Amino acid sequence: MKDVEPATVEPRTEELELVLEAILFAASEPVPIKDLLAACSTVESGGPEREELDAALERLAAHYLHRSIELVRSAGGYRFRVRPRFSAQVQAAQPERPPRLSRALLETLAIIAYRQPVTRAEIEDIRGVAVSTQIMRTLTEREWVHVVGHKEVPGRPGLYATTRTFLDDLGLGRLDELPPLDDLRELVDLPSETADAALPLPSRSLEGGEEPPPES
Amino acid sequence: MTETEVEEIERPLEADWSCRVNGSPMGDMPADLYIPPDALEVFLESFEGPLDLLLYLIRRQNLDILAIPIAEITRQYMAYIEVMQALRLELAGEYLVMAALLAEIKSRMLLPRPAGSAEDDEEDPRLALIRQLQEYERFKAAAERIDDIPRLERDVFHAHASRDALAAPPAPAPALDDLIEALVGVLRRASLSAHHQISAEALSVRERMARILETLEHEEFVDFVSLLVVSEGRPGVVVAFLAVLELSKGGLLEWGQSEAFSPIQVRRRMAAVIDS
């Protein structure tokens, strides 16, 4: 395969591009590179090498340079998508608006994404409220999170983690492409409130509330 | 995108709220003060728990989490809780737990420390809460950022071709024409092989229906043509054909054809399907 003369490669590489285009358009999910390799093994004159495939994908992407469709790669593999600048119009043509995700759901998702694998109790500790079953169900049904194991503590609670679909749906290749968490500022010197709190306080500061909050 | 939406929701209410609240504790608001109850409820319900409410109170005053004035924040927090209760909002238990925690911190800070034990054996009572608030704030911010990431079917749309034409189509039920054509073929062959006259034995369609069902007992696809026994001559084939049509009409048969022009297959429909 490798020793094929460049001149004779021409028709085959074109064929390869066409085959890749067909596979990617027919797929409803991103196609992993190994699936592409396997599927292309029937291309005339034998299956392509990995480098050939990469080159063909690149040329295929170049073909779409001036179209509203682009070839992108995410965690699950390659897929075609509408260029983002047409999203608004595509959106407008959809029969239904996609539902907004509630803050509770997004916060839960964020905790799972950054702290996985994580139990429900740990999520609740961070959010300070009970995690509703509905939210976990929605996240699971969207295939964004799944139970990857059980924590070896009494009750063996499920450990949640995000899925590849989650990365794919956000167009991320890897988890560490998520925006970084804010840094925790170190609690070096906790400003003292005891200065006024430890002293017998004039009652107005507790109940009147007329003055601005005490500066610390 | 979401952030601006959230702000649009919160800003007018916030302004509204602060002008009502500033100065006087919310618990004893003038009775004649008009609060659009729906707006207030929506606003209060929008809090995702006590930490969220605390963060809001802190942010509203541009305070640093690391320097929250517990006494003041507790007072404001309690005022909100009272309003929520007055509005009979379903108050999650966590809000009350937090109220108790705040009261505890406040009271512990009010206690004068024995002069002797200046060593900070005891952790500042605010520490745990501050850590929790910080941690929550990180994830709250992360959640907003995740929401800002272009998301499939909201901001990102996949381009794909319909696969309908590619997927193996379910075996289509043959058209009546196809059945008739098959019949014609069999009849033609029947006429070739009918080398002697059959004394017309009355062939009952009903009886044939039963026999065909017996043949199809095993619920496997058989060649439709095989049901039409050529050796029975033209009338036999016709009766068998009628019997098949009758059975089919009764929903007892299932048709299939693996591809165009391949033999038409037929089998007994599964019992479960008949029932439904």
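Observations on the structure shown:
- Here A:Leu184 fulfils each of the conditions (1) closer than 29 Å to B:Gly93 by Cβ; (2) more than 8 Å from every other protein chain (Cβ to nearest Cβ); (3) at pLDDT below 90 apart from (2).
- Test for A:Ala61: is it of a type outside the set (Lys, Arg), touching an Asp or Glu at 6+ places or on another chain (Cβ under 9 Å), part of a helix (DSSP H, G or I) and not assigned by TED's automatic domain parsing to the domain that holds A:Thr163: yes
- Among the residues of the range B:229-247, those that are buried (at least 18 other Cβ atoms within 10 Å of the Cβ) and either in a strand (DSSP E or B) or at pLDDT 85 or above (or both) comprise B:Val237, B:Val238, B:Val239, B:Ala240, B:Phe241, B:Ala243, B:Val244, B:Leu247.
- Any hit, the range A:83-101, residues being under 29 Å from A:Asp182 (Cα atoms), of a type outside the set (Asp, Glu) and in contact (Cβ under 8 Å) with a residue 12 or more places away in the chain: no
- Scan of the range B:50-103 for residues that are among the acidic types (Asp, Glu) and either assigned to a helix (DSSP H, G or I) or within 11 Å of chain A (Cβ to nearest Cβ) (or both), ordered by number: B:Asp52, B:Asp64, B:Glu72, B:Glu82, B:Glu94
- When the test is whether a residue is outside any loop (DSSP other than H, G, I, E, B) and out of contact with any Cys (no Cβ under 8 Å at 6 or more places or on another chain), A:Asp183 does not pass it.
- Test: residue in the range A:83-104 that is on the phi < 0 side of the Ramachandran plot, surrounded by 12 or more Cβ atoms within 10 Å (Cβ to Cβ) and in a strand (DSSP E or B): no
- Condition check for B:Arg154: modelled with pLDDT of 85 or more and not in a helix (DSSP H, G or I): yes
- Selection count where residues are more than 8 Å from chain B (Cβ to nearest Cβ), assigned to a helix (DSSP H, G or I) and touching a Lys or Arg at 6+ places or on another chain (Cβ under 8 Å), scope the range A:124-144: 1
- A:Leu24 being modelled with pLDDT of 85 or more, more than 26 Å from A:Thr162 (Cβ to Cβ) and of a type in the set (A, V, I, L, M, F, W, C): no
- Within the range B:133-151, the set of residues being in a helix (DSSP H, G or I) and either under 17 Å from A:Arg142 (Cα atoms) or facing chain A (nearest Cβ under 7 Å) (or both) comprises B:Gln134, B:Glu135, B:Tyr136, B:Arg138, B:Phe139, B:Lys140, B:Ala141, B:Ala142, B:Ala143, B:Arg145, B:Ile146, B:Asp147.
- Test result for B:Phe47, part of a helix (DSSP H, G or I) and either on the phi > 0 side of the Ramachandran plot or surrounded by 17 or more Cβ atoms within 10 Å (Cβ to Cβ) (or both): no
The values are calculated or read from the model by the stated rules, or taken from the named source; none is laboratory data. Owing to the predicted nature of the structure, the values given are computational and were not obtained by experimental measurement. Note that we place each Cβ from the backbone using ideal geometry, even for glycine, and neighbour counts take in every protein chain shown.
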